[in-house]
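Heads up, the thing below is written out as structure tokens.
The values are calculated or read from the model by the stated rules, or taken from the named source; none is laboratory data. Here the structure is a predicted model, which means the values were calculated and not measured. A quick note on method: Cβ atoms are made from the backbone with ideal geometry, for glycine too, and the neighbour counts reach across all protein chains shown.
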Amino acid sequence: MQNINLLVCDKNTGFSSIYETYRKRMYAYGIAIGFCEYLCNDAIQDVFCTLYANKEKLEQVDNVEAYLLHCLKNRLFDIYKDQKRMDCTGYDNLIIDQEADSIGIIINEENELLRNEEIARLLKKLNPKQRKIIYSRFHHNLKFNEIGVLMDMTPDAVKKLLYRTLKTMRQESWASTIGSSCFF
């Protein structure tokens, strides 16, 4: 059992030692339970300011790290309540919401991966001139006249070729997926 009061009261090394030892762990914990960086940093600062201001009231603590993490969690939820101006959803609900958000992110990443694979497959079927127009327009965000200069074409010819290329890609995508999903 550590006496946190003795550690904090030792002006030379105690308080700064606790801060340096546990600051990064507290930050990682705050991020892990779903709070943003600046909120975690603010809450950690608040916890240590409160700890220092109330050092006379501190008691024996079995585990300093667990005590600090508990204080941090409480402070983060207090800040969360103050910012949202509503009742705190509670730790369990926040974790459930975070898991639902995580699942949504994973699904979106998988969909994006599938979409990118489909686009890569479609691009392989295009001739070099069509690929260059698609790449210039959508990867480099070039305007039609800029693409025309690169490819020695008029802006109208670039528009026409881009339109036809996209139409071909849509048709190929639709035919390959049997109408279930069109990427363009």
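Structure summary
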{"quantity": "Residue pairs meeting the criteria (Cβ under 8 Å; at least 6 apart or on separate chains; first over 17 Å from Arg170 (Cβ atoms), in region 113-137; second in a helix (DSSP H, G or I))", "calculated": "Lys129/Met151; Lys129/Leu161; Lys132/Leu150; Lys132/Met151; Ser136/Glu146; Ser136/Ile147; Ser136/Leu150; Ser136/Met151"}
{"quantity": "Subset tally (residues that are surrounded by 12 or more Cβ atoms within 10 Å (Cβ to Cβ) and assigned to a helix (DSSP H, G or I)) for region 130-144", "calculated": "10"}
{"quantity": "Candidate set: region 31-64, residues that are surrounded by 15 or more Cβ atoms within 10 Å (Cβ to Cβ), more than 27 Å from the chain's Cα centre (by Cα) and not aliphatic (A, V, I, L, M); chosen: the one modelled with the highest pLDDT", "calculated": "Phe48"}
{"quantity": "Any hit, region 55-65, residues being within 27 Å of Lys84 (Cβ to Cβ) and in the same structural domain as Gln83 (by TED's automatic domain parsing)", "calculated": "no"}
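So that you can scan it fast, the table gives a plain yes or no per residue for (1) loosely packed, with under 11 Cβ neighbours inside 10 Å; (2) part of a helix (DSSP H, G or I); (3) among the aliphatic types (A, V, I, L, M); (4) modelled with pLDDT of 90 or more:
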site	(1), (2), (3), (4)
Leu94	no, yes, yes, no
Ala100	yes, yes, yes, no
Ile103	yes, yes, yes, no
Glu112	yes, yes, no, no
Arg115	no, yes, no, no
Glu118	no, yes, no, no
Leu161	no, yes, yes, yes
Gln171	no, yes, no, no
